[in-house]
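Take a look at the structure set out below.
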Amino acid sequence: MFGGHSILGTVVLRREDPALLTGASQYVDDIDLPGAARVAFALSEQAHACIVSIDTTEAEASPGVLAVVTSATLGLADRLPAMPMLDQRMVRPFLARDTVRYVGEPIVAVVAETAAQAEDAAALVIIDYEPLPAVVDAVVALDDDAPVLHQAAGTNRVAHYEAGRAGAPIDDEGDVKITATFVNQRVAPAPIEPRVAAAWWDEEGRLVQLNSGQGVHPVRDQLAQIYGLRTEQVHVVSKDVGGSFGAKAFVLNEEAMLGALAQRVGRPVRWTPSRSADMVNLGHARAQVHRVTIAGRLDGTITGYRLDLVQDAGAYPFMGSMLPFMTQRMTSGVYRFRDAGSTADSVVTNTTPTGAYRGAGRPEATAAIERAVDLFAAEIGMDPAEVRRRNLIAADAFPYKTPAGTTYDSGDYVGALDRALAAAGYDELRAEQARRRAAGHTTLLGIGLCTYVEVTAMSGGSEYASVEVQPDGRVRALTGSSPYGQGHHTTWAMLIAERTGIAMDQIEVIHGDTDLVPSGSISGGSRSLQLAGSAMWDAANKVVDQARRAAAQQLEAAEEDVVLDLGTGRFHVAGTPSRGLSWADVVAASPDSSFVAVSDFAANGGTFPFGAHVSVVEVDAETGKVTIVRHVACDDAGRIINPTIVDGQVHGGVAQGIAQALLEAFTYDADGNPLTANFADYPVISAAELPLFERVAMETPTPLNPLGVKGIGESGTIGAGPAVLNAVIDAVSHLGVRHLDMPTTPERVWRAIQAVSA
């Protein structure tokens, strides 16, 4: 039994922020490592070429150099693609050996006393290339006569996927059928902190790795496999992380080989790449080409939808090769299509390997279907909001199984759309748009919609948590989930305080150390609160049960009569609060001098957050410049634990979705040379381009975990991008523009206007 009021759902300031804002945080490059050497890499300057020779003579003689290592002397076996469904013949060496397959691929590692000395020596490595034909277009890479990147495979196709009625013709029972091709462009994750890592071998012969990533236990397991070690022979620590968005979820080659380099020089080594090196090497994302077909009737009913896509995997199969699986899982979005299917091919190209990035496959699915719905609405002359309302899955239809075989847990899609439209003043916006068009204004108004659903915690598995109440009544909690900006320490403390009545400032949360926390997974796919949070909730409940039994003995009462007053954190017999015991009192009388409870909470299936976004933009018809005037977001992630953290997640996600819609694209020339390898050429969005976001609250709990929560980390990105894109196209649609691909830069918008005006 419990007494007191709930803190869940209330605004609690993030406890992580003071250290981050005052410089007391500990990023990998801040941690003092006496005697640590620095690592730099000589990177490929060719997109596709045979390596004729490597001359390291000058590099080896350069001041401060401790070691110069090539593939021949590194001593690590090549890496196979991580997933068995990917073509296993497309192996990747840690350092390029005979062939380079993208600009930026590491060829030689240099270890020196200082970072400057390592970079200078790497620049002295002389590599003789014999250029090979390059292919940078994923669709072209499927052609029979396209250059083949991996001769052992004999093909550029990494994997083929099918979902729903794949390969079958779309249902033609309707009045309209539209086919179109969209490009979901390649983007760079560009976290504030680039990839950075350090490694050494301790006195016991264990490999110790400082990691900037999304979970220490998968890193430990991968390093153990690479080095042929038992997991207990690897110690991985991750403290503060300056952003990731999926890009740092797994051990990349440069980090993985640090152990071998540390062994070579007999001292710790640290690697911190430059921003330009990180831009061409930290896994890019999105990079899909969509061919959509949508069919329906003039009354607005959509009868069928088909998505065929090509995924650019980059030069080597990595997580990007798997993105179509997630895209296909969410093919039909929030709509009750009778007929839907999808096919996908992942292919290698002479570009940076692609990986996961905020949403990882789900934003791509939403972008495709939401553009298709707008095209359908324009074709039949119906308002896009009304088309959506007529085809949305009803609130009483859950759990709902889609044609792709995905089962949605809970939702109210019409409710989300209606709330977003009401908050935006949709009818008034349409009236203002009509007035401007009638008056011939050159400041064009566009209103864009996106209704979406995504899947979170889709990878399954479980998460570890333990809660220990110590003799002084303080709590030491361990979590297997590693935060990198999400606010885990605040949220986990809230959950423990809610169940124990112990003040949050008396609760310490520990993460990111494989010696302290026995197990864990990556913090990705917006899974943390659902799994790690539920584990913490369960462990807190268990420790309270232990303490109540002990308190009942001390109070000489039946256990069911003992109440924990959450307001005071004291145990007492119901009806007699004057005689009570604090946590410290109960623990002091315990034979073990502490109470410890452990939980390993397993997923009960993925959950499906959803929402609706309305974006309002103005387009200058004379220059093509887009200005976002308003952005209204209704994102439903089930029960809200802390509105402050949810708002922050949505704001950050919306900013990234808008960035892709307006600005960001990582591009190459025809020979595979990167054209956007730094922030001078690759525009990252800032506050100057963004409005104040308007967030509409909505909560539809899931039955799949005890907290009723779903993930929120990617929702903003998934909803914002299509809404902004649709808004820009809507602004110029009356001029005759039917579609624009992202990013909607001023030049692209201006050229589209000129094309229809000619």
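The values are calculated or read from the model by the stated rules, or taken from the named source; none is laboratory data. Please read all numbers here as calculations on a predicted model, not as lab measurements. Note: ideal-geometry Cβ built from the backbone for every residue, glycine included; neighbour counts use all protein chains shown. Please note that ligands, DNA and RNA were not included when accessible areas were found on the heavy atoms of the full protein model with its side chains. Shrake-Rupley method; radii C 1.70, N 1.55, O 1.52, S 1.80 Å.
Using amide H atoms built in the peptide plane, which far-off residues or other-chain residues are under 5 Å from Asp339 H to H?
Tyr305
Across the stretch 186-199, in residue order, what do the Karplus-derived ³J(HN,Hα) couplings come to in whole Hz, using 6.51 cos²θ - 1.76 cosθ + 1.60 with θ = phi - 60° and x for Gly and Pro?
Per-residue couplings from phi come out as 6, 10, 9, x, 6, x, 4, 8, x, 4, 7, 7, 9, 8 Hz.
Report the Rg/Rh value for the stretch 466-594, based on alpha-carbon coordinates and the Kirkwood definition of Rh.
On the way: Rg = 15.5 Å, Rh = 15.2 Å.
Reported Rg/Rh (Cα atoms, Kirkwood Rh): 1.02.
Whole angstrom only: what separates the Cα centroid of the stretch 103-170 from the Cα centroid of the stretch 696-758?
31
Just to be sure I follow: if Rg is taken over the C-alpha atoms of the chain and Rh is the Kirkwood radius over the same atoms, what is Rg/Rh? The partial results should precede the final answer.
Working: Rg = 27.5 Å, Rh = 27.6 Å.
Reported Rg/Rh, Kirkwood definition of Rh: 1.00.
Would you work out which of Gly480, Ser519, Met504 lies farthest towards the positive end of the dipole of the chain? Charges go on Cβ: Lys and Arg +1, Asp and Glu -1.
Of the candidates, Met504 comes out farthest on the positive side.
For the chain, give the magnitude of the charge dipole about the Cα centre (Cβ charges: +1 Lys/Arg, -1 Asp/Glu; no others), in debye to the nearest 20.
Charge dipole, the chain, about its Cα centre: 1060 debye, nearest 20.
Each residue of the stretch 679-694 in order: what ³J(HN,Hα) in whole Hz does its phi give by Karplus 6.51 cos²θ - 1.76 cosθ + 1.60, θ = phi - 60°, with x for Gly and Pro?
6, 6, 10, 10, x, 9, 5, 10, 4, 5, 9, 10, x, 6, 6, 10
For the stretch 622-755, what does the convex hull of the Cα positions come to per residue, in cubic angstrom?
Numbers: hull volume 20.8 nm³, N = 134.
Dividing the Cα hull volume of the stretch 622-755 by its residues yields 155 Å³.
I need the semi-axes of the equivalent ellipsoid of the stretch 284-369: take the C-alpha gyration tensor, multiply each eigenvalue by 5, square-root it, list largest first in whole angstrom.
On the way: eigenvalues 151, 26, 16 Å².
They are 27, 11, 9 Å, listed largest first.
Round to a whole number: what % of the accessible area of the stretch 662-758 belongs to carbon and sulfur, probe 1.4 Å? Don't jump to the answer; show the numbers that get you there.
On the way: 2290 of 4030 Å².
Carbon plus sulfur share of accessible area: 57 percent.
Could you give the nm distance between label points at Ala439 and Ala24, where each point is 7 Å from its Cα heading toward the beta carbon?
5.5
Taking 0.36 nm per residue of separation and subtracting the Cα-Cα distance, what length does fully extending Ile192 through Leu229 add?
10.0 nm
Which of Thr327, Val187, Phe610 sits closest to the plus end of the dipole of the chain, meaning its Cα is farthest towards the positive end, when Lys and Arg get +1 and Asp and Glu get -1 on the C-beta?
Towards the positive end, the residue furthest out is Phe610.
Quick one: 3J(HN,Hα) in Hz for the stretch 15-28, Karplus 6.51/-1.76/1.60 with θ = phi - 60°, rounded, Gly and Pro as x.
Coupling constants for the stretch 15-28: 6, 6, 5, x, 5, 5, 7, 9, x, 8, 6, 10, 7, 4 Hz.
Tell me which residues come under 5 Å, amide H to amide H, from Thr99 once H is placed; ignore anything under 5 positions away on its chain.
Hits under the 5 Å cutoff: Ile51.
State the Cα centre-to-centre distance between the stretch 391-452 and the stretch 206-252 in whole Å.
The two parts, judged by their Cα centres, are 42 Å apart.
Sort 459-467, 68-76, 19-27, 658-666 by packing, meaning the average of other beta carbons within 10 Å per residue, with the highest value first. Show your work: numbers first, answer last.
On the way: 459-467: 21.7, 68-76: 17.3, 19-27: 11.8, 658-666: 24.3.
So the peptides 459-467, 68-76, 19-27, 658-666, ranked by packing, come out 658-666, 459-467, 68-76, 19-27.
Would you calculate the separation in nanometres between label points at Ile126 and Ser582, each defined as 7 Å from the Cα along the Cα-to-beta-carbon direction?
Rounded to a tenth, the inter-label distance reads 7.5 nm.
Could you give the nm distance between label points at Glu204 and Thr667, where each point is 7 Å from its Cα heading toward the beta carbon?
So the label points at Glu204 and Thr667 sit 5.4 nm apart.
Can you tell me the accessible area per residue over the stretch 568-645, all protein chains present, probe 1.4 angstrom, in square angstrom?
Details: 2870 Å² over 78 residues.
Per residue, the stretch 568-645 has 37 Å² of solvent-accessible surface.
Amide H to amide H, which residues 5 or more places from Ala159 or on other chains are under 5 Å from it, using H placed in the peptide plane?
Ser346
Gain in length, Arg275 to Asp299, computed as 0.36 nm per residue apart minus the alpha-carbon separation, to one decimal in nm? Don't skip to the end; give the middle numbers.
Working: separation 24, 0.36 × 24 = 8.64 nm, distance 5.24 nm.
Fully extending the segment from Arg275 to Asp299 adds 3.4 nm.
Arrange the peptides 542-549, 598-605, 647-654 so that the one whose residues have, on average, the most other Cβ atoms within 10 Å appears first. Mind showing how you got there, number by number?
Details: 542-549: 19.2, 598-605: 17.5, 647-654: 21.5.
Highest mean packing first, the order is 647-654, 542-549, 598-605.
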